[in-house]
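The values are calculated or read from the model by the stated rules, or taken from the named source; none is laboratory data. Computed from a predicted model, the values in this text were never measured in an experiment. Virtual Cβ from ideal backbone geometry, glycine too; neighbours counted across all protein chains shown. These area figures cover heavy atoms from the full protein model, side chains too; ligands, DNA and RNA do not enter into them. Shrake-Rupley method; radii C 1.70, N 1.55, O 1.52, S 1.80 Å.
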Amino acid sequence: MSEYPLPLPFIESMRPLLSGEMDAFLASYQQPAQRSVRFRDPRRPLPANSLLGDIPYARNACYLSLDSNAGAIPLHEAGAYYLQEPSAMAAAAALRPQDGDRVLDLCAAPGGKSTQLAMSAHLTLLIANEPISSRAQVLSSNIERMGIENAVVTCAYPDALAARWPSFFDKILVDAPCSGEGMFRRHPEARAEWNADSPARCAARQAEILNSAAQMLRPGGRLAYSTCTFNSLENEGSIKRFLAEHPDFHPVPFALPGLPAAPQGILRLWPHHVRGEGHFVALLEKDGNASPALSAPPLPAPDRAALQAYAAFADETGCVIVPNAVFGGHLIHAPVVLPPLDRIRTLRVGLQVGELRGKVFIPDHALALGTDIPRQYPLTDAQALAYLHGEALPCDETMRGFYTVTMDGYALGFCKASNGQLKNHYPKGLRK
């Protein structure tokens, strides 16, 4: 056994990479992992004494005190912020989506990088994909919670997507499944899952994922590859092998504020150098310059009865979203550009608006979180907790119809007022 809480074969494998820094690297595992938070907008609705300075390379992000209870208060459920490890924010920052881009997050669960990408520019489309069904559900929930309007959540293996979506995306993020060595401090259980064969197994899978990503990137587009591991086989080795097999790609130098420059297009983050865990980022560009040409047939249009029922709801609440399609029986506001979705398991398309039940329109929870609805009912802290439990709330006898209930200006969901009560419409699967 090592004197440090790390597998001895792992320690020995790190020595060639760290040389004289080995003692400092190992000592970092005696320190707690740094926490951080990324806010939905410039507001910072957490106690000032829990925010420990801006993260210079990530928009609206701060280091967070270790004793913060930010994940347990109603504002978290309202999507006011996302708790995300600071080093994990570097990959999306390096990719730097621009307004109008079509972006794919190929291995997206639980959604931290996807939501960061969505909030970094006015994207035409974000596709957040996760091949494991249970993880895709978590991803979809986080896309909803953070109010992302222009995202599609899919559950498919990369090769299946590549067969359907050639040269479609301007930017692709591959946050590849890896051996997780960089998370040994933050997630000690990862140490028990690691063995000396883990890097080689992961590298083989990473090569397959990168090959699929290459097919889906348009000429002139950029691909960011990231892992949360240290070994060269999964990091520089994966990039070297990829470039040898794809001569139409080249590395792109980049620099992120507060982090070491990456003149060769490769950035390594070490826990003894940064306020965060171990991470690797590589930025690549595909030669050429061409706009995506692939298009898909439109989704089914809403019928008249559904639109009329929605119009009554919109008049009542002041909601200005216009449903433009139907998906899964729900009215949705779909992105203006979509790839073909047939034969691809799709959990969410754009902003789910609601559904017609009989002759009554019932708004979707996503609508409350994804758009600003003027008809609001502010809650106290105690009322917000009761709402998240699924309880009805008292209200004025004169109130009628749907309201978004809010806390500090952030919507928690819908209630429907009748006879002096706000009937709770918070989804049962989310209740605390």
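Observations on the structure shown:
So that you can scan it fast, the table gives a plain yes or no per residue for (1) in a helix (DSSP H, G or I); (2) polar (S, T, N, Q); (3) modelled with pLDDT of 95 or more; (4) open to solvent by 50 Å² or more (accessible area, probe 1.4 Å):
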{"residue": "SER2", "(1), (2), (3), (4)": "no, yes, no, no"}
{"residue": "PRO5", "(1), (2), (3), (4)": "no, no, no, yes"}
{"residue": "PRO9", "(1), (2), (3), (4)": "yes, no, no, yes"}
{"residue": "GLU12", "(1), (2), (3), (4)": "yes, no, no, yes"}
{"residue": "GLU21", "(1), (2), (3), (4)": "yes, no, yes, yes"}
{"residue": "PHE25", "(1), (2), (3), (4)": "yes, no, yes, no"}
{"residue": "VAL37", "(1), (2), (3), (4)": "no, no, yes, no"}
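- In segment 83-137, the residues that are more than 12 Å from the chain's Cα centre (by Cα) and of a type in the set (S, T, N, Q): SER87, GLN98, THR124, SER133, SER134, GLN137
- Residue in segment 75-92 that is of a type outside the set (Asp, Glu), on the phi > 0 side of the Ramachandran plot and modelled with pLDDT under 95 present: no
- Residue count for segment 336-358, restricted to those that are β-branched (Val, Ile, Thr) and touching a helix residue (DSSP H, G or I) at 6+ places or on another chain (Cβ under 8 Å): 2
- Of ALA411, ALA417, all but one fail to be over 27 Å from the mean Cα position of the chain (by Cα), among the hydrophobic types (A, V, I, L, M, F, W, C) and at negative phi; the exception is ALA417.
- Residue in segment 280-299 that is farther than 23 Å from MET22 by Cα, basic (Lys, Arg) and either open to solvent by 60 Å² or more (accessible area, probe 1.4 Å) or in contact with a helix residue (DSSP H, G or I) (Cβ under 9 Å, 6 or more places away or on another chain) (or both) present: yes
- Residues that are touching a residue at least 60 places away in the same chain (Cβ under 8 Å), in contact with a helix residue (DSSP H, G or I) (Cβ under 7 Å, 6 or more places away or on another chain) and either surrounded by fewer than 13 Cβ atoms within 10 Å (Cβ to Cβ) or part of a loop (DSSP other than H, G, I, E, B) (or both), drawn from segment 235-263: LEU256, LEU259
- Scanning segment 295-344 for residues being touching a residue at least 60 places away in the same chain (Cβ under 8 Å), of a type in the set (A, V, I, L, M, F, W, C) and in a loop (DSSP other than H, G, I, E, B) gives a total of 5.
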